[in-house]
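Peer 1: Sharing a structure here in structure tokens format.
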Amino acid sequence: MLEILPIKLLSDDDALIFGKLNVALGKLARSGLPVAQGVAVTPPELHLKIILEHFDFGHKEIFEQSLTLVKKEINSTPPPEILIREAGKHKRFFANGEVIKSVRELWLNLLGVWLDQIKQRLWKDGFYLGITEGLDPQVVVFVKKPEAYGRAYFDSLQDDSVISVKHGKLHPNDLKKLDEIVKSANKKLFTPHEYEWVMDLPAGRQGGGVKLIGLNPLSYPDVSIQHTPGVYRKDEDEKAKSAVKVFLDMSGGQVVEDNIDGVYIASEKIFDLNKPRESFENLAWRMVECAMTFPDLPILLKLADKSEGMGKVRGALRLLHQKSLFDPLIDALDFARHKKGLNNVHIVIPFVRSVEELMQIKRDLAVKKLMRKNSLQIWMEVATPENIINLEEYLLAGLDGIVLNMDELIAHFSGFDHQEAELMFYKRQVGGLLKFLEDGLKLLHKSKKLFLAVGSIVLYPEVLDFLVEKGVYGVVVERYEAPSIRDNLHQTEKRLVLKRM
């Protein structure tokens, strides 16, 4: 169960729950030292334990896959009511060196810290019953406009405070003030510590100035310590390689990854019919940013699939009949390809229900000078069983590739709404869908057509094994999945090679 308590109220009785260091921070706050307003948060141990038990951590080959799926499931957990109640009235937070602008983002940040701790334990000792116990409680402080942050401690050898600024700058007056705070804090705690601090607004403004936000035991690095022989430490520059391509979903956030083979943009996540001008600019900027950042990689723009639920007008049909949705997308493509000369931007036609729909939307694109040619690929999203059954007809209509939307396929194949949380357990019943896809994927291979796979079930071990075995060209992953996907694919390909031998 997650527990939250304001920093200023932490006392010795809370040390077992919230940690001695956080209790010490509470003592400093009550003593009158400038400590930022905030709360201490304990990890939801039972919830994390239940999620972990559903996945296989017994085999090192699928360790990263299982961990990625755990992270995906944890990230779908809504913020607890107690966190919303305690933090919801504030607009900005500072935790783990990051400025956070929403309670949802704060919750994901905290879960990420705890999951990283669990990951270290898994690598070291494997899965065990108490693996989620004793995770570090986290301090969250409420800020308005943080201008600098860093760490500081008093060095008795130099008889002076050592202040490191990780971001921003400090005025000499603030440096002097921080020096005084460090010395006073050491006296009140009777032992020296290293203190984390933040400068929230200029000192002259109400609530501004340097504030303490955390403390750590003070330790000096021992230069004599060497790496223990025989202990494996993965070099950060050592990159796992895979034959399967990795396309990064850049429908949200900034371009941060460089170890990728392409970019995928789902325009329905950016273009908003209620804010047509602003969202059009965001979409055009996102396309141009990605295409210019990765000039040698394909940028696949999926036309907006505005869905109002299963069975509703959506996808290609809606694009054909709603000009207020179709025209801005075409204008954004025209801006990127024709005005900016970015010929690495290509088109994905979404949610097609018939060959006639595909032919009609291709004609509408051709009118806008966006016809299929060497410098412009047209892909189609496969989202219904009908697409698989009539796949040969779709290919004859003229396509450069296929994007398998695995979430949509299993939803329509098994007859459930994959947006409903109560029905998520159906997504794990993938056996029937994989059998159904076999003939269609053989046809793609025979026709020498590329296919990508997108969706939350793609990284399920059974699904990923199947896709790699059937020759998937690439997988589309979210930004948080990108760091581990190469290793997942490498291990999967390695297993399949060994299996064939």
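Since every read-out is calculated from the coordinates, none of them should be taken as a lab result. Note that this is a predicted model, so its numbers are computed, not measured. Quick reminder, even Gly has a Cβ in these numbers, built from the backbone with ideal geometry, and neighbours come from all protein chains shown.
Peer 1: Where nothing but the Cβ of Lys and Arg (+1) and of Asp and Glu (-1) is charged, how large is the charge dipole of segment 245-500 around its Cα centre, in debye to the nearest 20?
Peer 2: About 720 debye.
Peer 1: Can you tell me what share of the DSSP beta bridges in segment 245-500 is antiparallel? A percent to the nearest 5 is fine.
Peer 2: 5 percent
Peer 1: Another one. Rounded to the nearest 0.05, what FRET efficiency do A397 and K340 give with R0 = 35 Å and r taken as the Cβ-Cβ distance? Could you check?
Peer 2: 0.75
Peer 1: Here is a further query. Taking the Cα centre as origin and putting +1 on Lys and Arg beta-carbons and -1 on Asp and Glu beta-carbons, what dipole magnitude results for segment 310-389, to the nearest 20 debye?
Peer 2: Around 260 debye, computed over segment 310-389.
Peer 1: Another one. Once both labels are modelled 7 Å past Cα along the beta-carbon direction, what's the D327-L175 spacing in nm?
Peer 2: Placing both labels 7 Å along Cα→Cβ, they lie 6.0 nm apart.
Peer 1: Just order 133-145, 369-381 by mean Cβ neighbour count inside 10 Å, highest at the front, would you?
Peer 2: Highest-to-lowest ranking by the protection proxy: 133-145, 369-381.
Peer 1: Could you tally the net charge around P137, taking each other residue with its Cβ under 12 Å from the Cβ of P137, Lys/Arg +1 and Asp/Glu -1?
Peer 2: Net charge around P137: -3.
Peer 1: A further question follows. Which net charge results when you count Lys and Arg as +1 and Asp and Glu as -1 among the other residues whose beta-carbon is under 12 Å from that of A336?
Peer 2: +1
Peer 1: Spelling out what I want: for every residue of segment 15-26, take phi, set θ = phi - 60°, compute 6.51 cos²θ - 1.76 cosθ + 1.60 (Karplus), and round to whole Hz; glycine and proline get x.
Peer 2: Coupling constants for segment 15-26: 4, 5, 8, 9, x, 5, 5, 5, 5, 4, 5, x Hz.
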